[in-house]
Amino acid sequence: MPLKPERLEFFRFMLTQEINKLLSEAGKTVSEMTNDKETYPDPSDRASLESDRNFELRIRDRERKLIQKMREAIQRIDEGTYGICQACGGEISEKRLMARPVTTLCIDCKTKQEKMEKLMGD
């Protein structure tokens, strides 16, 4: 049974809130990095700072990709295809959507995909 309109709105709200939260965090990171005028004469301190910044940027890149997936999920809500498996055309359970709202595959198709990836060595 397809998701009811109020459930779709719930997912839209949840995805939008998460996007806003991630964008806010990213903005703080940029602000902190540009405002951090401290210089570290000690090479190990500079290396540590650089390592921390690289780690932070990797996290933000992962979040950027997640934001894109969330925007695509909202687009699927708008198009009426949210909650429909892109592989088999069946319904994605609401329980699965709650756990992973950006998913495009039902649990059966995702399991098959993971088995194939494992066989292929990815």
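The values are calculated or read from the model by the stated rules, or taken from the named source; none is laboratory data. This is a predicted model, so every value here is computed, not measured. Neighbour counts run over all protein chains shown; Cβ positions are idealised from the backbone, glycine included.
Looking only at residues in the stretch 1-29 that are within 19 Å of C106 (Cβ to Cβ) and of a type in the set (D, E, K, R), the one that is modelled with the highest pLDDT is R7.
Look at the stretch 105-120: where a residue is within 21 Å of K69 (Cα to Cα) and a partner is surrounded by 12 or more Cβ atoms within 10 Å (Cβ to Cβ) and basic (K, R), sitting 6+ places away or on another chain with Cβ atoms under 6 Å, you get I107/R96.
What about G121, is it in contact with a Leu (Cβ under 7 Å, 6 or more places away or on another chain) and at positive phi?
Values: in contact with a Leu (Cβ under 7 Å, 6 or more places away or on another chain): no; at positive phi: yes.
Considered against the rule, which asks whether it is in contact with a Leu (Cβ under 7 Å, 6 or more places away or on another chain) and at positive phi, G121 comes out as no.
In the stretch 94-107, the residue that is farthest from A73 (Cα to Cα) out of those that are exposed (fewer than 13 other Cβ atoms within 10 Å of the Cβ) and more than 13 Å from the chain's Cα centre (by Cα) is K95.
Let me confirm something: among K69, K112, which residue is surrounded by 13 or more Cβ atoms within 10 Å (Cβ to Cβ), within 20 Å of the chain's Cα centre (by Cα), basic (K, R) and farther than 14 Å from M1 by Cα? Just one listed residue meets the conditions, K69.
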